[in-house]
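Here the structure is laid out as structure tokens; the discussion comes afterwards.
The values are calculated or read from the model by the stated rules, or taken from the named source; none is laboratory data. Keep in mind that what you see is a predicted model, and the values were worked out from it rather than measured. Note that we place each Cβ from the backbone using ideal geometry, even for glycine, and neighbour counts take in every protein chain shown. In case anyone asks, the SASA skips ligands and DNA or RNA and just uses the protein heavy atoms, side chains included. Shrake-Rupley method; radii C 1.70, N 1.55, O 1.52, S 1.80 Å.
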Amino acid sequence: MNSSAYFHLTTCLHDSRTSRRMIVYNARERRFNGTLPYPDVYYMNVEEEYLVAKEVFDLAKELDFELAALNVCRDHMHLLVYCSKDEVPKMMHRIKGRTARVCNAHRASKGINPLDATRGMYDPRKLKDKSIPFWTQKYHCKRVRSTDQLSNTLKYIRNNRKKHGLPFNHALQELIDKNHQLLLRICL
């Protein structure tokens with residue numbers, strides 16, 4: 001039996017973090033035949049943070065999952081969702097796929113290549129499978145097991161921009177406030 005619970009989900013932009021596995025397997029040193037050994041992160045701007053949040057809200061309605069909290073922070077995003085553990089992979093696959101397409105299209109319309117260090121015209125460096133990466137392949141999923149942990153997780157997500165010293169994103173906050181009834185149906 002797989003009952004529903006709250007899950008704190010996080011994902012990061014492609015190449016923005018270094019995992020233990022990447023270090024062990026010299027992943028950066030080996031990619032593109034050694035021509036790109038250093039991180040090459042193209043951070044989200046405030047418009048892209050808004051676009052990501054908007055798509056997540058739309059998907060929450062489409063897929064009918066409860067989104068309790070959301071924050072998008074330059075190189076990563078936090079979600080607090082209420083669903084069954086079995087639903088998490090499909091949900092994250094859809095969220096990451098849709099937000100990546102929207103942001104890559106937005107960047108292309110601005111003539112920006114997210115993987116080009118010169119920030120020149122849109123001519124993305126594709127991976128071996130011909131895809132243009134936006135998010136990391138993996139994500140972190142932590143089950144919330146108590147009321148105290150739920151309360152702390154909500155505060156952590158809400159204050160994450162401040163924690164990272166990021167400027168206030170008015171459009172993002174307005175979108176979150178507008179969707180407040182969707183976000184907080186939690187009784188602590």
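Summing +1 for each Lys or Arg and -1 for each Asp or Glu, what net charge is found among the other residues whose Cβ lies under 10 Å from the Cβ of Val81? Show your work: numbers first, answer last.
On the way: positive: none; negative: Glu66, Glu87.
Computed value for this residue: -2.
Across the range 147-163, computed HN-Hα scalar couplings (Karplus, 6.51 cos²θ - 1.76 cosθ + 1.60, θ = phi - 60°) run 5, 4, 5, 4, 4, 5, 5, 4, 5, 4, 5, 4, 9, 5, 4, 5, 4 Hz from first to last residue, x flagging Gly and Pro.
Just the protein heavy atoms count here, and of the accessible area of the range 132-175 at 1.4 Å, carbon and sulfur take up 49 percent. Close amide H pairs (under 5 Å, H built 1.01 Å from N) link Ala68 with Leu80, Val81, Tyr82, residues at least 5 positions away or on another chain.
Per-residue Karplus couplings for the range 12-19, computed as 6.51 cos²θ - 1.76 cosθ + 1.60 with θ equal to phi - 60°, are listed in order as 10, 5, 3, 6, 8, 10, 10, 8 Hz, Gly and Pro entered as x.
Phi angles of the range 59-70 translate, via the Karplus equation with coefficients 6.51, -1.76, 1.60 and θ = phi - 60°, into HN-Hα couplings of 5, 4, 6, 5, 8, 6, 10, 7, 9, 8, 7, 8 Hz per residue; Gly and Pro are given as x.
By definition, a body whose alpha carbon gyration tensor gives a ≥ b ≥ c is oblate when a/c is 1.5 or more and a/b is not larger than b/c, and the range 1-86 fits this oblate description.
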